[in-house]
Amino acid sequence: MYKQLINCLLIVGAAMYTTSDIYPVSDFNRKSAEHIKRIQETKAPEVLTVNGKAAVVLLDPESYDQLAQGAELLRTLDNIRLAKAEHDAGKSKPIEQVFSELSAELKARYPNDL
């Protein structure tokens, strides 16, 4: 679990762009094969600009997957932190009560299906 988080942080850290990672979209249109090859080889993202402003970021699939998995892990850890804080604040219910309330709600909503 922490390995994914570390990989995410490494990728995010690698996302600190230098001017050599920023290209106008017109350059990409003319030399897309070169850009794709460079991204695949270096695993470094490239920023494409339109009228001098960042428009898109290009990543290789593996880096994107790691970034997406890392972001999901961070969301999960944040949800766990929030749930723990609610529990610690006395805002939680015993699981038996939750299931009982859910069962009653489902029976009321779908009386012929249960």
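Nothing in this text is a laboratory measurement; each read-out follows from the coordinates by a stated rule. Only a predicted model underlies this, so the values are computations on that prediction, with no experimental measurement involved. Positions of Cβ are generated from backbone atoms using ideal geometry, with glycine treated the same way; all protein chains shown enter the neighbour counts.
Taking the Cβ of Lys107 as the centre, find all other residues whose Cβ is under 14 Å away and add up their charges (Lys, Arg: +1; Asp, Glu: -1). After counting each charged neighbour, the total is -2. Each of the peptides 52-63, 99-110 was scored by the mean count of other Cβ atoms within 10 Å over its residues; in descending order, highest first, they stand as 52-63, 99-110.
Taking amide hydrogens as placed 1.01 Å from N in the peptide plane, the amide H of Thr49 sits under 5 Å from those of Tyr23, Val25, Ala55, each at least 5 positions away in sequence or on another chain.
Most tightly packed first, judged by the mean number of other beta-carbon atoms within 10 Å of their residues, the peptides 89-98, 76-85 read 76-85, 89-98.
The 3J(HN,Hα) values that the Karplus relation (6.51, -1.76, 1.60; θ = phi - 60°) gives for region 26-37 are, in residue order, 5, 5, 5, 4, 7, 10, 4, 4, 5, 4, 4, 4 Hz. Gly and Pro appear as x.
Summing +1 for each Lys or Arg and -1 for each Asp or Glu, what net charge is found among the other residues whose Cβ lies under 13 Å from the Cβ of Pro24? Once all neighbours under 13 Å are counted, the net charge is 0.
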